[in-house]
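In what follows, a structure is listed as structure tokens, so that the remarks can point back to it.
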Amino acid sequence: MGFIFQEVDEDGFLKDMLNYLEEGLIIIDLDYNVIEANPAALELFGYKKEELIGRKCYESCHGEKEPCKIICPVEKVPEIGEIKRAIHEHIRNSGDKWISKISAAPVRNKQGDIVAVVEINTDITNSGVADKKIEHLKSVLQAITEVNTVITREENVTELLKEVCDILYRVRGYRLVWIDSIKEDTEGVVPVAKAGFEYKPYSSYPMKDACNIAVKTKKPQILKSKYEETGNRLSSAVIPVIYEDRVLYTINVCSDRAEVFTENEINLLMQIGRDIAFALKVMKEKEETKYILPQRIVVAKIGELFVNGAEIETLMQTAVELVAEVMDVEFSKILWLEGNKLRLIAGTGWPPDTVGKAEVGVGLESQAGYTLQMKKAVVVENFDEEKRFRAPRLLSDNFIVSGISLPMKYGDKVYGVIGVHSKQKRKYSQADVDFLSSIASLLTAAAEHRRSEEAVRRSQKKLREFFQELGSIMHTVPAAVLTTDGSGLINFINRRTLKYLGKGENDIIRSYIWEHFKEDIVKNIVIDILRGNVENEPVNLDATLKSGKNVELAISSLRNHSGEIDGIVASALDITPVKEAHRELEKAYEQLRSVDILKNNIIANVRHEILTPVTVMKGTLELLEGEVKDEGNIKMIKISKKYLQKLSEIVDNLVAVSSFYRGKVNINFKDIDLMTLVENTVSRKKTLAREKKVKIILHLGNNLPIIVGDEDNLSRALLNILDNAIKFNREGGKVEISVKSLRNKVVIRIKDTGVGMPKERLDEIFKPLTQLDASTKRRYSGTGMGLAVAKKIIELHSGKLFVESKLDKGTTFWFDLPVK
């Protein structure tokens, strides 16, 4: 770096640091000589150091013979004295072009004078290619669309040419655009339209020779020259507009972008030239206006649909329908190239189920194949007289006699064939060919645009999938994770897999995943997924590793960016402790079930053993009651009978609960007089009510309906509820019992003025053997089974038992029963 850094970099530290920069750094003096370059710059430009140092920057970096006047940091930075940034096209020593993002800054000496420019170059070629291509395609489509829109609207030649110049200047971004009229006798040039500059006399015209060559050869000409007014380096092109085999006009364009005139760009300009020639024919031949003008409208309509975002399939089908209509033909088609076949993807006039299925070969034996191979328009006026090829079945089966077909291509890429056909002999004009050519250009540009967009989306999707996969691996759950290739061979495992399988990594990688499981079904599932036979993924199952662990296994397919299955991913979570706990729970459940059965059997036997002596005792007491005269003994006998009855009720409730939970309940359904049932049940508790000094009030509705049920069980349910209402009441309290008929059911309500219950404990009272006061010193006796039995009986009769209570205010029970 010599004189520049010798005053500030005596120990060479700065030079060493620049040599390690990843960006390409070059230093250029004010005479455009490269005086220093770091290794990254040498690699970017493709030179050895001795090949680059001392050479002119515009020669080695741009392949030019003079300085660039458009965007030149060596010129601009010294003028403004500050950093300049730009995007520039460079050329490597190999001739390959690349795009550089440049940051240029001045280099000053001790006196503050600018003595050189330092440039940092970053290669952004690939990052911008897709976006540039998409924008380019949009611009191409917009130019074609706007030109065709003007052609359909404009009837004046001069105004038409002016608008074409304006479109090319505005949409395509050319620096200069003008159209010259070529005199027939002298081949002299007369400017008729321009955009972007003030036209100079022909003597100073920079593209005079190129124009003459284009007129004589009828072919486009491209050159690089120096425009005399600005001194700028310009790339130029001259496009002949040919009408009736003569050059009527030339389209002249200049650009300060050296790379602009690619084959695709020239094809665009040639298409616009053909469109202008087409418009001239429309204007000249008025009798054809009604026929040709709709064709231009169709071109404009298709372009408008694309610009507005129509799907390519919709665009193509709409195109063939409109083409068939304006050309007055029975059939139109688009055959898309798929391998060694052309498939009919859009069309009109064909039999049902033909579009999407019919195929044509790509060989020379058919019109479409011949068109594809020759890469030019093919016109057939009568297939019976055609010698070049024969009509394929797609045409012969539909009695087609004539037609046109054109290749659909974009640059060197051929997409397919577009065509129209008729059952009549017919002569097709060059106007018809040009019309189809315009449609083909629009559709292929649209297809290329979609392909470019899809490529960008695939790249973005692949990048997202990569980071998602990476994140999944980095943040994996505590489970074994494995992936395989398309044959089921394991190609990735995480650390937990080693622990689960009890093997080393070398014993697992490249082994089949199903080899590590005891169940054969794992192999079947993996193979089905790899073959694409599984619709619902992931597949979840419990499996057993050969290491003995029980796992919860999930298996899914791995797909590439094209959606094809490349392998599988599986996760296995150790559920061995859960399985062991489940087995212990099942064992405990069986033990509990055995105890429950034993308990129920004991209860059934106890009922018989208890009630037999109780019955004997009751009979004996009833006999004694008739013989004994002493009041004291009579009282004792009545007390004994009461408690024996209580014991019978307790045993019956206990047996009932046992029966309910064993599922062995015998319900004897029959018609029941509800009024009689209620009155009889209430009468059985009047003695207890008198003893507790509780008043029972009965409200029976009129015309109570007949219900169907088990009279004994329903009486027991009401008896148990009534017993609670009396037992938990206060001295001097009351119990109200009401029975009402409501539509298709009856409602029985028992309301008391007793001690009540806390709201939060109401659910507990229906559990068997439950007392809200379970202490040994509780005030009220009972087993806690009465309400549980009542609830079960009512539910067996398709009813439901409800309760409301307030502490120290009383309790209300009510239940409903369906009527007959």
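The values are calculated or read from the model by the stated rules, or taken from the named source; none is laboratory data. Nothing here was measured: the structure is a model prediction, and the numbers come from that model. Cβ atoms come from the backbone with ideal geometry, glycine included; neighbour counts cover every protein chain shown. For accessibility, only protein heavy atoms count, side chains too; no ligands or nucleic acids. Shrake-Rupley method; radii C 1.70, N 1.55, O 1.52, S 1.80 Å.
Inclusion of residue 758 among residues that are open to solvent by 20 Å² or more (accessible area, probe 1.4 Å) and over 19 Å from residue 646 (Cβ atoms) is warranted.
Please go through the stretch 734-747 and pick out each residue that is open to solvent by less than 10 Å² (accessible area, probe 1.4 Å) and either over 25 Å from residue 690 (Cα atoms) or in a loop (DSSP other than H, G, I, E, B) (or both). Residue satisfying the conditions is 746 alone. On inspection, residue 695 fails the criterion of being among the charged types (D, E, K, R) and at pLDDT below 85.
Residues in the stretch 545-563 that are without any contact (Cβ under 8 Å) to a residue 12 or more places away in the chain and outside any loop (DSSP other than H, G, I, E, B): 559 only.
One residue stands out in the stretch 114-127 among those that are assigned to a helix (DSSP H, G or I) and open to solvent by 60 Å² or more (accessible area, probe 1.4 Å): the one that is nearest to residue 43 (Cα to Cα), namely 126. Only residues that are under 16 Å from residue 392 (Cβ atoms) and open to solvent by less than 40 Å² (accessible area, probe 1.4 Å) were counted across the stretch 337-369, and they come to 14.
Each row is one residue, and each column tells you yes or no for (1) surrounded by fewer than 19 Cβ atoms within 10 Å (Cβ to Cβ); (2) part of a helix (DSSP H, G or I); (3) of a type in the set (D, E, K, R).
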residue: 688; (1), (2), (3): yes, yes, no
residue: 713; (1), (2), (3): no, yes, no
residue: 720; (1), (2), (3): no, yes, no
residue: 749; (1), (2), (3): yes, no, yes
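Looking only at the stretch 514-534, residues that are within 17 Å of residue 548 (Cβ to Cβ) and open to solvent by 50 Å² or more (accessible area, probe 1.4 Å) come to 3 in all. When residue 78 is tested against (1) surrounded by fewer than 15 Cβ atoms within 10 Å (Cβ to Cβ); (2) modelled with pLDDT of 85 or more; (3) not charged (D, E, K, R), only condition (1) is not met. Does residue 727 fit the bill of being open to solvent by 70 Å² or more (accessible area, probe 1.4 Å), assigned by the TED database to the domain that holds residue 802 and among the charged types (D, E, K, R)? So residue 727 fails the test.
One line per residue, one yes/no per condition, for (1) outside any loop (DSSP other than H, G, I, E, B); (2) at pLDDT below 90; (3) more than 18 Å from residue 576 (Cβ to Cβ); (4) under 34 Å from the mean Cα position of the chain (by Cα):
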site	(1), (2), (3), (4)
496	yes, yes, no, yes
500	yes, yes, no, no
503	no, no, no, no
519	no, no, no, no
528	yes, no, yes, yes
533	no, no, yes, yes
536	no, yes, yes, yes
540	yes, no, no, yes
543	yes, no, no, yes
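Scan the stretch 252-274 and tell me whether some residue there is closer than 21 Å to residue 336 by Cβ, in the same structural domain as residue 161 (by the TED database), surrounded by fewer than 22 Cβ atoms within 10 Å (Cβ to Cβ) and modelled with pLDDT of 80 or more. The answer is yes, given that some residue of the stretch 252-274 is closer than 21 Å to residue 336 by Cβ, in the same structural domain as residue 161 (by the TED database), surrounded by fewer than 22 Cβ atoms within 10 Å (Cβ to Cβ) and modelled with pLDDT of 80 or more. Looking only at residues of the stretch 613-636 that are within 22 Å of residue 648 (Cα to Cα) and either under 60 Å from the mean Cα position of the chain (by Cα) or of a type in the set (A, V, I, L, M) (or both), we find that the one that is modelled with the highest pLDDT is 636.
Checked against the criterion of being in the same structural domain as residue 327 (by the TED database), under 21 Å from residue 444 (Cα atoms) and open to solvent by 80 Å² or more (accessible area, probe 1.4 Å), the stretch 399-410 contains one or more residues that satisfy it. Of the helices (runs of 4 or more DSSP H) lying entirely inside the stretch 41-113, the ones with 2 or more residues being in contact (Cβ under 8 Å) with a residue 40 or more places away in the chain and of a type outside the set (Asp, Glu) are found at 73-80. Considering the stretch 482-496, and only residues there that are without any contact (Cβ under 8 Å) to a residue 24 or more places away in the chain and closer than 12 Å to residue 572 by Cβ, the residue that is most open to solvent (accessible area, probe 1.4 Å) turns out to be 496.
Residue 435 satisfies every condition listed in (1) at pLDDT 85 or above; (2) out of contact with any Asp or Glu (no Cβ under 6 Å at 6 or more places or on another chain); (3) assigned by the TED database to the domain that holds residue 546 except (3). Those strands (runs of 3 or more DSSP E) of the stretch 303-391 in which 1 or more residues are without any contact (Cβ under 8 Å) to a residue 12 or more places away in the chain occupy 331-338. Within the stretch 545-556, being closer than 16 Å to residue 571 by Cβ and either open to solvent by less than 70 Å² (accessible area, probe 1.4 Å) or of a type in the set (A, V, I, L, M) (or both) holds for 545, 549, 550, 551, 553, 554, 555, 556.
The one condition from (1) closer than 16 Å to residue 122 by Cβ; (2) open to solvent by less than 70 Å² (accessible area, probe 1.4 Å); (3) not hydroxyl-bearing (Ser, Thr, Tyr) that residue 22 does not meet is (2).
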